[in-house]
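Let me begin by presenting the structure, written as structure tokens, before commenting on it.
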């Protein structure tokens, strides 16, 4: 009797154990990488939502993963690659019997993300994409859309102002150009090109004024160039134009320093930068600095024809006259004009260069006898 009772008592215990096993579930799936092939060793984290429970597994070489022994419940199944979460599926309810399937396809996820990003940028979200959004994503999208519309309106106004300013500047309507560029700078003070052209407008205004008014506009132009260079310090053209403005303000050492910066940034155009400075110095009656600038232009670009001509004119200006009226030109004067004609025989200064060579030749003949003339003079004696 005792043995029979023990056997009967054991039966309910076995039934309880079997019932407990039956209440567990499993989750399985495959992981496809961004390249469309199975992804090995991706970490799949399974987090229970109703009560605390965290489980983890990895995908095999076929991209497959499987986790059994999970209590029935609601889960978040997330995927990590290189210790970074790349995808997740929320509200996964496990079930008895067959495993609940949760697949990850990173290639499709990337394509969906790119499509959504493009749609968000254009503001054209499809109904399917809209339904997939969470409340937080929907709020973020609305903010982005509003910001985009504001930016587009601002950019249109900025572009319109800039284009109007450029038209006025090209037409040498400097007052209107300056006024328009000021508005553009107020819309977006980070646009270096706006400050650079505002500087050009101020310099143009100054060229039409005199005295204190001219000086004030020139200083405004210098300040605008400084702001443009603060935003774009590696723009050689800005350093060049700033240097020319400094030369107009008779700040020659500062102008030279800016030109050196332009040359360092853009050495291929060094000849042009120095030539521009030399031309401006000539117009400002700065003889010695202009000669130095033209010489540097030639050193930077030996084939810069106009620099040779202007250097020749600088040397002509340094010619001296003796008491008996003889003119002596510095060494290299003739060679400068000859080089110009060699490089640009039909250039804009060709006739002037030829005339200077005729003058130089005639001057030499009046000062020196040719070897043949010297022989004839000896025979007559």
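Quick look at the numbers
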read-out	value
Per-region count, segment 65-82, residues without any contact (Cβ under 8 Å) to a residue 40 or more places away in the chain and under 40 Å from the mean Cα position of the chain (by Cα)	3
Any hit, segment 280-295, residues being closer than 24 Å to residue 202 by Cβ, under 31 Å from the mean Cα position of the chain (by Cα) and at pLDDT below 90	yes
Enumeration of residues in segment 185-199 that are in contact with a helix residue (DSSP H, G or I) (Cβ under 6 Å, 6 or more places away or on another chain) and either closer than 14 Å to residue 229 by Cα or at pLDDT 95 or above (or both)	192, 194, 195, 196, 197, 198, 199
Residues being loosely packed, with under 15 Cβ neighbours inside 10 Å and under 44 Å from the mean Cα position of the chain (by Cα) - total across segment 339-351	4
Pick from segment 73-102, criterion surrounded by 14 or more Cβ atoms within 10 Å (Cβ to Cβ) and not in a strand (DSSP E or B), ranking: modelled with the highest pLDDT	102
Unique match (being within 25 Å of residue 113 (Cβ to Cβ) and surrounded by fewer than 14 Cβ atoms within 10 Å (Cβ to Cβ)) among 69, 36, 53	36
Condition broken by residue 60, with the remaining ones in (1) surrounded by 14 or more Cβ atoms within 10 Å (Cβ to Cβ); (2) in contact with a helix residue (DSSP H, G or I) (Cβ under 9 Å, 6 or more places away or on another chain); (3) part of a loop (DSSP other than H, G, I, E, B) satisfied	(2)
Enumeration of residues in segment 241-264 that are buried (at least 17 other Cβ atoms within 10 Å of the Cβ), out of contact with any helix residue (DSSP H, G or I) (no Cβ under 6 Å at 6 or more places or on another chain) and at pLDDT 90 or above	241
Filter result (part of a loop (DSSP other than H, G, I, E, B) and closer than 15 Å to residue 94 by Cα) within segment 29-51	49, 50, 51
Tally of residues being over 18 Å from residue 304 (Cβ atoms), in contact with a helix residue (DSSP H, G or I) (Cβ under 7 Å, 6 or more places away or on another chain) and either part of a helix (DSSP H, G or I) or modelled with pLDDT under 50 (or both) across segment 329-353	1
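The values are calculated or read from the model by the stated rules, or taken from the named source; none is laboratory data. Fair warning: this is a prediction, and the values are worked out from it, not measured in the lab. Heads up, the Cβs are rebuilt from the backbone with ideal geometry, glycines too, and the neighbour counts pull from every protein chain shown.
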